[in-house]
Each structure stands twice: as structure tokens, then as C-alpha cells.
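Have a look at the structure below, then the notes.
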Amino acid sequence: MMTPSEIVRQLDQDVVGQSEAKKILAVAVYTHFRKSARALAESVELVKSNVLLIGSTGTGKTLLCETLSRILGAPFVTADATTLAQTEFVNNEIEAILQRLLDKAGGDVARAQRGLVFIDEVDKLKAVSDQSRATSGESVQHALLKIMEGSQVRLRGGEYIDTTHILFICGGAFVGIEEILKNSQSYGYLSFSDADNQTILNRLSARVKPTDLLAFGLVPEFAGRLPVIARLQDLSKEMMVRIMIEPKESIYRQYREMLKTDGVELIIKPVVFEQIADIAMEYKVGARSLRGIFEELMTDVLYAIPDNPSIRRVVIENLFEPPRLLAETPAKAPAAPKE
Ligand SMILES: Nc1ncnc2c1ncn2[C@@H]1O[C@H](COP(=O)(O)OP(=O)(O)O)[C@@H](O)[C@H]1O
Ligand SMILES: [Mg+2]
């Protein structure tokens, strides 16, 4: 079992920034798998701490969970809480999620039972007196609660999946939680006398508590099942730039690799990434818009290359100027003539 810091180091290779969330997630996963190993070995009761990730769309919630599951070598599935609320038969839908987990585990029940399930958009399950949905958000919360606590679910094929040791990670944007936090700060009894206290105070105040989730509209039992809460930051322009370049599988690396197979070197100047990040910031969907903008930029290049086998280099100096397609690498600058 990897230590939390090792998990974070691994996450760093794929996920840019979000260090607070990485740390909380790493500790939660580490604790969870140790507790469940002990529970299995000594048949003691497992007290589960499922995790809630709060962050705007496109800030890396799904990517974090995906990467985490890959690092741990655990089967992983994602599901959408809004989809659950749209179906009349929530339990069938939940059964289908666990079936997918079992498939991911290659049919190995024991492996599936130690997998990860990410349920996105749980903030959309808040209690409202809106009956347009097939199932009320509240009853979906209750259905999820049961599997999050740990229960035996019978799948269509007749197998039973015990969810006790499955780690559930919930996600959501929780728009409006800031306002709730502002009103719920109740740490006035700490002394303000030194900078240290202020730091602790700031950290505690930024922390979302289960009671804040109640105020948001989650039912107490459900909120109570999500004691570990991590928040992801909105992406800055600098983070967007890094996302295009740094990760192991960054978009830039992917395109460079792709062109390399045609014997073409792709060079994109730093200012171009800034220009793309500027546009992406406007879209307000986090890093989600980067790929689309990038693909548009590359269309002309990918269109031209197959017809021009002599192209050896593609240089993009500005997002708003056509890419330069160069036939060969420049000859070395001629040596200065000797006097
Ligand atoms: N912090 C990040 N580091 C690297 N890539 C990111 C990050 N945040 C988002 N992305 C990229 O943006 C896209 C959307 O991210 P995703 O994890 O699905 O967002 P969310 O689940 O928070 O809505 C993915 O292609 C992902 O690779
Ligand atoms: Mg997502």
C-alpha cells in the first residue's frame, strides 16, 4: 500500500494543482484501504468515510478519481446523480452501476468489492418541491446512502456485491455553498492573537462542514455519510497553460507524439498557450474547453501534412496566424567567415 505522499506524487503527474484536494483524497484512500484490510482480516466493523469533492465543472474531479483508481489498480466507475433522479427505478440503476464495476473488475467479485465508485452531481439531489423529476432527489439520496453505508446488492446475473469496502466518492459544484459558509463560520472563540491562529482559523472557515451541506439541501443521513470533504480550486489562466503542457498525457504531448509518427516536429510557442488559456477562461467550463480550441488550431495542420510529405516541422507562433509548415530543419547557421 502506497503512503499518502506517494499517492500525491503519482497524482501530480496527471493532475495539475489542486494540492489540498489531492492531500485529503490521498489520506482518505489510504485510511479507507487500511481500515478495510483490517476489517477483513480481524472481522471488526468498518466505519466508512466516503469522500465528497466540491469543485466547479472542469476542475479535475473526474480526472482525480480516474487517476487515483489507476494508481491503486482498483476498478473504477462513474455515475451521474442526475441520471439516477431521472429514472423511475433507482435501484435498477444502482444495480447497473455495480454491474459495470464488476465488469471493470473482469468479473472478479472480490476485486469489484474493493473498487471505487464516483457519483457526480450529488448537489443536484438537493431537496426541492419540484416534482418534474421521476424520482425526488431526496429518495435518490436515501438509495445512495444504503450502498454507501454498505449493503448486499443482488445483480441481474445472480451475484451479490457487498458494498462495505467499496470507496464512494461523490462530486458536485455546490453553487452557492460560499454564501452558506460565510454565514456558518463559528470559530469566534479562537484567539486572534497570532498569525498561526489566523492561519488555522482561515483553514477552518474555508472548510465545508456536514451542517453546511444540510443548509444546502442534502438530507442529514446523506451529508453525515460524507465526512471527508475536499474542495477543488477554480482554474487560473496559469493552471490552464500548465494543463496543456505538463501532464504525462497533456494535449501538447499527444499532438507532438502524433505528428512525430509522420516524421514531423511540432513546436508551439508559449504565447499560443496563453492565448488558448485566455479563450478557455471565457468559456467558464474549466479545462474542459481546452481540447476543443486546441483541435481547431490543429485542423489546418492535420489537413495539410498528408499531402506534403516533405514537411518536417510545424511552428505555431501565434493563435491568430496560420501555422508555418517547414520542409526541413534549418541548416546550421554558417560559421562566421574568418578574417
Ligand atoms: N487540474 C487538472 N489537471 C489536468 N487536467 C485537468 C485538470 N482539471 C481538468 N482537467 C482536464 O479537463 C477535462 C475535464 O476535467 P474533469 O476531471 O472531467 O472535470 P470535472 O469532473 O471536475 O468536471 C479533462 O480532460 C481533464 O483532463
Ligand atoms: Mg466530472
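The values are calculated or read from the model by the stated rules, or taken from the named source; none is laboratory data. These figures come from a predicted structure and were not determined experimentally. Don't worry about glycine lacking a Cβ; one is built from the backbone with ideal geometry, like all the others, and counts go over all protein chains shown. Protein only, heavy atoms only, side chains kept; ligands, DNA and RNA dropped before computing areas. Shrake-Rupley method; radii C 1.70, N 1.55, O 1.52, S 1.80 Å.
Being farther than 27 Å from Asp234 by Cα and in contact (Cβ under 8 Å) with a residue 60 or more places away in the chain is not true of Glu88.
Any residue that is modelled with pLDDT of 95 or more and open to solvent by 70 Å² or more (accessible area, probe 1.4 Å) - is there at least one of those in region 317-336? Yes, that holds for at least one residue. Are any of the residues in region 76-96 open to solvent by 60 Å² or more (accessible area, probe 1.4 Å) and modelled with pLDDT of 95 or more? Checked region 76-96: no residue is open to solvent by 60 Å² or more (accessible area, probe 1.4 Å) and modelled with pLDDT of 95 or more. Residues of region 244-262 being of a type outside the set (Ser, Thr, Tyr) and open to solvent by 40 Å² or more (accessible area, probe 1.4 Å), which ones? If the condition is that a residue be of a type outside the set (Ser, Thr, Tyr) and open to solvent by 40 Å² or more (accessible area, probe 1.4 Å), then Ile245, Glu246, Lys248, Glu249, Arg253, Gln254, Arg256, Glu257, Met258, Lys260, Asp262 are the ones that fit. Candidates Leu102, Leu116, Leu145: the one that is closer than 30 Å to Gly286 by Cα, more than 16 Å from ligand 2 (Cβ to nearest atom), touching a helix residue (DSSP H, G or I) at 6+ places or on another chain (Cβ under 7 Å) and open to solvent by less than 20 Å² (accessible area, probe 1.4 Å) is Leu145. None of Glu88, Glu93, Glu66 is over 18 Å from Thr163 (Cα atoms), of a type in the set (D, E, K, R) and away from ligand 1 (no atom under 16 Å from the Cβ) except Glu88. The set of residues in region 254-294 that are aromatic (Phe, Trp, Tyr) and out of contact with any helix residue (DSSP H, G or I) (no Cβ under 9 Å at 6 or more places or on another chain) is empty.
Looking across region 154-167, just one residue is surrounded by 24 or more Cβ atoms within 10 Å (Cβ to Cβ) and assigned to a strand (DSSP E or B), and that is Leu167. Restricting Thr78, Thr67, Thr83 to those that are within 16 Å of ligand 2 (Cβ to nearest atom), assigned to a strand (DSSP E or B) and among the polar types (S, T, N, Q) reduces the list to Thr78.
Asn50: of a type outside the set (A, V, I, L, M), modelled with pLDDT under 95 and crowded, with 20+ Cβ neighbours inside 10 Å, yes or no?
yes
Yes/no per residue for (1) within 16 Å of ligand 2 (Cβ to nearest atom); (2) part of a helix (DSSP H, G or I); (3) in contact (Cβ under 8 Å) with a residue 60 or more places away in the chain; (4) within 30 Å of Ile54 (Cα to Cα):
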{"residue": "Ala230", "(1), (2), (3), (4)": "yes, no, yes, yes"}
{"residue": "Met240", "(1), (2), (3), (4)": "no, yes, no, yes"}
{"residue": "Pro247", "(1), (2), (3), (4)": "no, no, yes, yes"}
{"residue": "Glu257", "(1), (2), (3), (4)": "no, yes, no, no"}
{"residue": "Ile267", "(1), (2), (3), (4)": "no, no, no, no"}
{"residue": "Phe273", "(1), (2), (3), (4)": "no, yes, no, yes"}
{"residue": "Glu282", "(1), (2), (3), (4)": "no, yes, no, yes"}
{"residue": "Pro306", "(1), (2), (3), (4)": "no, yes, no, no"}
{"residue": "Glu328", "(1), (2), (3), (4)": "no, no, no, no"}
